[in-house]
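The structure under discussion appears below in the form of structure tokens.
The values are calculated or read from the model by the stated rules, or taken from the named source; none is laboratory data. Since the structure is predicted, the reported quantities are computational estimates derived from the model, not experimental observations. Positions of Cβ are generated from backbone atoms using ideal geometry, with glycine treated the same way; all protein chains shown enter the neighbour counts.
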Amino acid sequence: MVTDPRNPGRWVIHLPIVVPDLTRARIFARTAARALAQVTGCVDAGEVTVSEEDAQGVRHRVFCDRLLPGGGRCALPTEHSVPCTARRRRPNPDRFR
């Protein structure tokens, strides 16, 4: 793989955490994503997914992430029953790059 020094690319962290069911996996993943977003500002919450250990190619979204009118993304869990609402963004000048 050739790396362009002007565009170093991005790395994705895969952190296996085992829980007993899909509901708990989604809850844990949402909690972890929100906590890490507060610390680093580098979490793309809309891309957070969970999968069954033996079916890792079948991923389940954790956040709705629908595009909202006027910009922004829905921050609610998937399959929510209330209207979509925007994600609150906090500026973090010390975020990792």
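Some points to look at:
- Selection count where residues are assigned to a loop (DSSP other than H, G, I, E, B) and buried (at least 16 other Cβ atoms within 10 Å of the Cβ), scope the range 69-82: 2
- From the list V19, V58, V39, the lone residue that is on the phi < 0 side of the Ramachandran plot, without any contact (Cβ under 8 Å) to a residue 12 or more places away in the chain and part of a loop (DSSP other than H, G, I, E, B) is V19.
- Hits in the range 3-29 - residues which are of a type in the set (F, W, Y) and under 12 Å from the mean Cα position of the chain (by Cα): F28
- Counting the residues of the range 53-65 that are surrounded by 11 or more Cβ atoms within 10 Å (Cβ to Cβ) and either touching a helix residue (DSSP H, G or I) at 6+ places or on another chain (Cβ under 7 Å) or at pLDDT below 90 (or both) gives 5.
- Note on the range 71-97: among residues that are at pLDDT 85 or above and of a type in the set (G, A, S), the one that is farthest from the chain's Cα centre (by Cα) is S81.
- Among the residues listed as A32, A45, A37, the single one being at pLDDT 90 or above and within 13 Å of the chain's Cα centre (by Cα): A32
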